[in-house]
Amino acid sequence: MQWSVTVVVEIAPEAEIGQMEQAVLEVGRQAMREALKQAVRASEDGHAACPGCGSASSRSQGTVARRVLTRFGRVVVRMRRQRCASCGRRFRPAQGYLAVLAGGNVTPELGRRARWRGQVGPMQPLILCLPWLPAARRRCILV
Ligand SMILES: [Zn+2]
């Protein structure tokens, strides 16, 4: 798979280096979030067959939004929903590679770095997690 993301940085001519740094940082985060969305779409295209019978023929049943917290911020992924034309099974082509989230919304690496109401790094958002919940119900929010 290969895709590209275009980055446009707008900085006032009189901006000082701190303002430039902030603008570039935010554009970089936006590019990373867009790249992840494109990666999801590309992976869905590669996993279009029905997981039940293997048929490549399915109909779209729209999309469902899935919020994922990553090291570069919150990404809302539009996951495709399909219905197999052969066996009628409903499936989401992206389900397999999101399985690592175990029903939660935090990527494994962000989860390892997360601290209770702590800043996890200069490129990471401030997040609040509820670590005592079972993995399937665990959620984190951006603060
Ligand atoms: Zn099927």
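Readers should treat all values here as calculations from the given coordinates under stated rules, not as data from a laboratory. Bear in mind the structure is a predicted one, so any value in this text is a computation, not a measurement. Counting neighbours? That spans all protein chains shown, and the Cβs are built from the backbone with ideal geometry, glycine included.
Spacing of the modelled spin labels on residue 47 and residue 90, each 7 Å from Cα toward Cβ, amounts to 1.8 nm. Gain on full extension, evaluated as 0.36 nm per residue between residue 65 and residue 2 minus their Cα-Cα distance, stands at 20.3 nm. Take each peptide in 85-98, 48-61, count the other Cβ atoms within 10 Å of every residue, and average; sorted highest first, the result is 85-98, 48-61. Stretched out straight at 0.36 nm per residue, the stretch from residue 38 to residue 16 would grow longer than its current Cα-Cα span by 4.6 nm.
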